[in-house]
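Just below is one structure, and these are the notes that go with it.
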Amino acid sequence: MRIVIVGGGVLGTMHAWHAVERGHEVVHLEREAEARGASVRNFGLVWVSGRAEGPELATALRARQLWEEIGARVPGVGFRGNGSLTLCRTEAELEVARTALARDSAATRGWRLLSPAEARALNPALRGSFLGALHCALDGAVESRVALPALRTLLEASGRYAWRPGREVRDVSADGVVDDHGETHAGDQVVLATGAALSGLVRELAPALPVRRVWLQMAQTEPLGEPLTTSVADADSFRYYPAYDAAPLAGQPQPPVAAEHAMQLLMVQRLDGGLTIGDTHAYAEPFPFDQVEAPYDHVTQVASELLGRPLPRIVRRWHGVYAQCLDPAAVAHRSQVRPGAWLVTGPGGRGMTCSPAIAEQTAEELAW
């Protein structure tokens, strides 16, 4: 079978991966010279800990297994199963962690509640003040800025994969796609994994798409100068991830800037020693075209307090936009938009985590 994949981000690339793994030929189109959307503007987290019970958690667990297998074959993706610590600084935050540990899935997620001394033994860089930490052994990370080219190198070695950047698709038919160069790329099936690009052709194909876009701000620092051995979150993440019941935090309002920008702290060390930190969430379009400094001040302060030292200087700032299903129970949106053509989008902030498993589900559904 010859399969045309439209979209060079992590979701499209994982569809290409599964197609090639099953012996098919793949033509992979991307409108930019290289993927530049949410797939590279993220933490690189493989984040099991916060996923909702049911299909979302099952998808994340399968994806975590796939990422480990892929990482063993493609060292360039930078996979490491470093786990995470969510640091609790108040009794209300500890109560959320204790409630989470009472869930039936706590052992499946690799959750345990650590004392400050136990957390520092696991991650000595955390010299700040906190009361305890929820450890998730299954969380991991990849290097999102370099993972996709590394994956494509192995795909190209199969002899059954062709990468076609700088091609924006204008039309889709049962025979394949037509790009903005007027070239037809023939295929037996087409998968559109266009990320947050929901206008133009996608709107023509799926005018009532149950997906919204989300805007966020992030940054990266100079090298920390020591290992940050786990990924780190603050307890504001309890407010945003569905695995937790954040009711005990109702009486603990966020600082105004964090509440205004729907913020949490996530912090991941890159292989070069720098820290990716963030993030904010904005849901109402039109999104701003500029970045504002107050959220960066907030995450810098919180990160510094948890580290017990000044955060290294920020050297990069950016914003990103991802597509998120409106149905909170849906891990991703998958629908047939024309004969032989399927649209797969809307994983939201789960995209980097869950893409290997979402693409595997597509492969099984389409009988690849």
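The values are calculated or read from the model by the stated rules, or taken from the named source; none is laboratory data. As the structure is a computational prediction, the values presented were derived from the model and not from experiment. With ideal geometry, Cβ positions are generated from the backbone for all residues, glycine too; neighbour counts draw on all protein chains shown. Protein only, heavy atoms only, side chains kept; ligands, DNA and RNA dropped before computing areas. Shrake-Rupley method; radii C 1.70, N 1.55, O 1.52, S 1.80 Å.
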5 angstrom amide H check on residue 8, placed H, neighbours 5+ away
31
Considering only protein heavy atoms, what per residue accessible area in square angstrom results for the stretch 232-368 with a 1.4 angstrom probe?
41 Å²
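Carbon and sulfur: what percent of the stretch 50-92's accessible surface (1.4 Å probe)? Present the calculation step by step, with values, prior to reporting the outcome.
Values: 880 of 1620 Å².
Looking at the stretch 50-92 in its full context, I get 55 percent from C and S.
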Using Cα centres only, tell me the gap between the stretch 205-233 and the stretch 277-337 in whole Å.
5 Å
Return the sequence-ordered ³J(HN,Hα) values of the stretch 327-343 in whole Hz as given by the Karplus equation 6.51 cos²θ - 1.76 cosθ + 1.60 applied to θ = phi - 60°, using x for Gly and Pro.
7, x, 7, 8, 6, 7, 9, 9, 8, 7, 9, 8, x, x, 10, 10, 9
Here the stretch 99-114 yields Karplus 3J(HN,Hα) values (6.51, -1.76, 1.60; θ = phi - 60°; whole Hz; Gly and Pro given as x) of 5, 4, 5, 7, 5, 4, 8, 4, 5, 4, 7, x, 7, 7, 9, 10
In the stretch 207-364, carbon and sulfur make up what percent of the accessible area (probe 1.4 Å)?
55 percent
Rough spin-label spacing in nm, given labels placed 7 Å along Cα→Cβ, for residue 226 and residue 102:
3.7 nm
